[in-house]
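Visitor: Sharing a structure with you now.
The values are calculated or read from the model by the stated rules, or taken from the named source; none is laboratory data. Here the structure is a predicted model, which means the values were calculated and not measured. We place every Cβ from the backbone using ideal geometry, glycine too, and count neighbours over all the protein chains shown. Note: accessible area is taken over every heavy atom of the protein model, side chains too, but ligands, DNA and RNA are not part of it. Shrake-Rupley method; radii C 1.70, N 1.55, O 1.52, S 1.80 Å.
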Amino acid sequence: MREVKHFIGGKYVGSVSDRRFVNRDPATGAKIGETHEGGHEEIEAAVSAARAALRGPWSRLSLDERTAVLHRIADGINARFDEFLDAECGDTGKPKQVASQIDIPRSAANFSFFAEALKGFAAESFMLDTKDSAGALSYTVRKPKGVIGVISPWNMPLLLMTWKVAPALACGNSVVVKPSEETPTTAALLGDVMNAAGVPPGVYNVVHGFGPDSAGAFLTEHPDVDAITFTGETSTGETIMRAAASGVRDISFELGGKNPGIVFADCDMNKAVAGTLRSVFDNCGQICLSTERLYVERAIFDEFVVRLKTGAEHLVLGAWNHPGTTLGPLISQNHRDKVLVYYKRAIEQGATVITGGGVPEMPGELAGGAWVQPTIWTGLSDDSVIVREEIFGPCCHVRPFDSEDEVIALANDTRYGLGAALWSENTSRAHRVAQQLGVGTCWVNSWMLRDLRTPFGGSKHSGIGREGGVHSLKFYTELQNICVKL
Ligand code: NAD
């Protein structure tokens, strides 16, 4: 039974009040450990430690020194790969083969990537003509923004948290992280790696707890936090935005999605089916980029739905450490209750259930887990809640379309604007349609193919700002202009 503590000022500490909450294995419902719940005292201690660290040498390291520290963090994660892997899978229930290929290696890569990205982060300079013709030189300097509040979700805990922490540290900031209450373990484990990599105490801090009236809200409301970066639900983003307004603190938000998949009749059917199965069911549909609305050109609609059904029915539900498992449970019973409300609403609103639609029978101890069946529906109207709201489960609604203009209008008919996947072998059409979609990222004949140099984020209710490459480095630095009369 594990006990997860806060990491403040380079040390693991329990809550002053000794208040704790229970963590459960999503696959069985069994208790797997307890986590200390932070309150005002812990947030105060972490923010003070982070502020103090900025007065030390951390923000003034040379480029070579900083790059070396970041690479040592990446090496430290890789050196303890199996420990991180087991912790992440234990907290989330996601299959080991997925986390070993995506979550843990990408988390290490976040640090090595930003170590290298920093080297190419250029300053601007301009020559200004002056009347005496000597001119003036204006150049920019980028400085750390200060103490960064990092609030992260449970679906890819270490990957999404380090996606923020790595560039923040690369730019010389200190951070206070509030990981999701569902998945506290890897953020805590990273503290050890930070110490071993020579990160000074107070640069990386973790306080566990919940959102409202708990560590999350206290962190975003703390006046000595200079900027807040958040990944999670849109409604939580709205609350955090209000907190950030006090003190006009900067924010970067990666929020929810209701992502369309668009399949044209001229697609490569095998690739489109395989890619769509991944985009709907990977991580049990708990990815902000998951496809939940699928539009298929009428000429191939019936065949596509049959092939999707076959693929969904071949998914293997099981424990994360079982080698054959391809689909894990949802994160918690609470989340399962929410997803099952949508499964019920789909039937009430007249959906045709192509496959799934309920709860699978799981053997032995798995019977107590947060399982739902992979589910495909057709036949719902465009204003159905299933088509409009983010469900965050292993499910999608499929609808036929007849023309390019029609499918562009359907895809854009949403308050979200995060991602889209488009399948067509007609390159001109792919470019034409992709550019008309109101999303931060549109994949063509692929899904979740990430180049860390490119901007990532969403438009409309899916976020504010972009992270990735130079876009992250810009957010985590304060820009200063210096004008020198020559
Ligand atoms: P959530 O918003 O419920 O929680 C995210 C984090 O915010 C948690 O750490 C939580 O404790 C904290 N929190 C909650 N209320 C808070 C408050 N009032 N003040 C401060 N912190 C608070 O989201 P979740 O359920 O953990 O994650 C799922 C959501 O995240 C989905 O909507 C998904 O689309 C989104 N998401 C988006 C991206 C992206 O890159 N756009 C990536 C992953 C997940």
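Visitor: From the residues in segment 160-187 that are part of a helix (DSSP H, G or I) and open to solvent by 10 Å² or more (accessible area, probe 1.4 Å), which one is nearest to the ligand (Cβ to nearest atom)?
Guide: Leu160
Visitor: Please verify whether Lys145 is modelled with pLDDT under 95 and assigned by TED's automatic domain parsing to the domain that holds Lys94, treating the condition exactly as stated.
Guide: no
Visitor: Another one. Answer yes if at least one residue in segment 266-275 is open to solvent by less than 50 Å² (accessible area, probe 1.4 Å), closer than 26 Å to Ala370 by Cβ and more than 17 Å from the chain's Cα centre (by Cα), and no otherwise.
Guide: Looking through segment 266-275, none of the residues is open to solvent by less than 50 Å² (accessible area, probe 1.4 Å), closer than 26 Å to Ala370 by Cβ and more than 17 Å from the chain's Cα centre (by Cα).
Visitor: Have a look at Lys94, Lys131 and point out the one that is assigned to a loop (DSSP other than H, G, I, E, B), open to solvent by less than 30 Å² (accessible area, probe 1.4 Å) and not assigned by TED's automatic domain parsing to the domain that holds Trp320.
Guide: Lys94 is the lone residue from the list that is assigned to a loop (DSSP other than H, G, I, E, B), open to solvent by less than 30 Å² (accessible area, probe 1.4 Å) and not assigned by TED's automatic domain parsing to the domain that holds Trp320.
Visitor: Residue by residue through segment 144-159, note down the ones that are more than 14 Å from the ligand (Cβ to nearest atom) and assigned to a loop (DSSP other than H, G, I, E, B).
Guide: Lys145, Gly146
Visitor: If you don't mind, another one. Can you name the residue in segment 195-253 that is closer than 26 Å to Phe111 by Cα, more than 10 Å from the ligand (Cβ to nearest atom) and open to solvent by 60 Å² or more (accessible area, probe 1.4 Å) and, of all such residues, is nearest to the chain's Cα centre (by Cα)?
Guide: Asp250
Visitor: Further question: So, of the residues in segment 134-159 that are of a type in the set (S, T, N, Q) and in contact with a strand residue (DSSP E or B) (Cβ under 8 Å, 6 or more places away or on another chain), which turns out to be surrounded by the most Cβ atoms within 10 Å (Cβ to Cβ)?
Guide: Among them, the one singled out is Ser152.
Visitor: Taking segment 357-368 as the region of interest, how many residues are crowded, with 17+ Cβ neighbours inside 10 Å and in contact with a helix residue (DSSP H, G or I) (Cβ under 7 Å, 6 or more places away or on another chain)?
Guide: Residues flagged as crowded, with 17+ Cβ neighbours inside 10 Å and in contact with a helix residue (DSSP H, G or I) (Cβ under 7 Å, 6 or more places away or on another chain) within segment 357-368 amount to 1.
Visitor: Now, a different point. Which numbered condition in (1) within 16 Å of the ligand (Cβ to nearest atom); (2) open to solvent by less than 10 Å² (accessible area, probe 1.4 Å); (3) of a type in the set (Ser, Thr, Tyr) is the only one that Tyr342 fails?
Guide: (2)
Visitor: Taking only segment 411-460 into account, find how many residues are of a type in the set (A, V, I, L, M, F, W, C), assigned by TED's automatic domain parsing to the domain that holds Lys271 and outside any loop (DSSP other than H, G, I, E, B).
Guide: 11
Per-residue answers, yes or no, for (1) out of contact with any strand residue (DSSP E or B) (no Cβ under 6 Å at 6 or more places or on another chain); (2) free of Cβ contacts under 8 Å to residues at least 60 places away in the same chain; (3) under 29 Å from Gln333 (Cβ atoms):
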| site | (1), (2), (3) |
| --- | --- |
| Thr441 | no, no, no |
| Leu452 | yes, no, no |
| Ser459 | no, yes, no |
| Tyr476 | yes, no, no |
| Asn481 | no, no, no |
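Visitor: Can I ask one more? Filtering segment 376-385 down to residues that are under 27 Å from the mean Cα position of the chain (by Cα) and either free of Cβ contacts under 8 Å to residues at least 60 places away in the same chain or open to solvent by 30 Å² or more (accessible area, probe 1.4 Å) (or both), which residue is farthest from Gly328 (Cα to Cα)?
Guide: Here the residue is Ser384.
Visitor: Determine, yes or no, whether Ile464 is within 18 Å of the chain's Cα centre (by Cα) and modelled with pLDDT of 95 or more.
Guide: yes
Visitor: Of (1) more than 18 Å from Phe230 (Cβ to Cβ); (2) in contact with an Asp or Glu (Cβ under 6 Å, 6 or more places away or on another chain), Asp132 satisfies all except one. Which?
Guide: (2)
Visitor: Next up: Take the residues in segment 461-485 that are outside any strand (DSSP E or B) and open to solvent by less than 10 Å² (accessible area, probe 1.4 Å), then tell me which one is nearest to the ligand (Cβ to nearest atom).
Guide: Per the criteria, the residue is Ser462.
Visitor: Moving on. Given the options Gly350, Gly324, Gly358, name the one that is part of a loop (DSSP other than H, G, I, E, B) and under 17 Å from Val385 (Cα atoms). Give the steps one after another, and end with the answer.
Guide: Working: Gly324 fails: under 17 Å from Val385 (Cα atoms); Gly358 fails: under 17 Å from Val385 (Cα atoms).
Only one candidate passes the filter, namely Gly350.
Visitor: For segment 210-242, enumerate the residues that are part of a helix (DSSP H, G or I), over 28 Å from Asn23 (Cα atoms) and in contact with a strand residue (DSSP E or B) (Cβ under 8 Å, 6 or more places away or on another chain).
Guide: The one that is part of a helix (DSSP H, G or I), over 28 Å from Asn23 (Cα atoms) and in contact with a strand residue (DSSP E or B) (Cβ under 8 Å, 6 or more places away or on another chain): Met241.
Visitor: Taking His335 as meeting all but one of (1) more than 13 Å from Pro394 (Cβ to Cβ); (2) open to solvent by less than 40 Å² (accessible area, probe 1.4 Å), write down the number of the exception.
Guide: (1)
Visitor: Scan segment 6-49 residue by residue and report those that are touching a helix residue (DSSP H, G or I) at 6+ places or on another chain (Cβ under 7 Å) and open to solvent by 70 Å² or more (accessible area, probe 1.4 Å).
Guide: Scanning segment 6-49 gives Tyr12, Val16, His40.
Visitor: Something else about it: Among the residues of segment 451-460, count how many are within 13 Å of the ligand (Cβ to nearest atom) and within 24 Å of Phe111 (Cβ to Cβ).
Guide: 3
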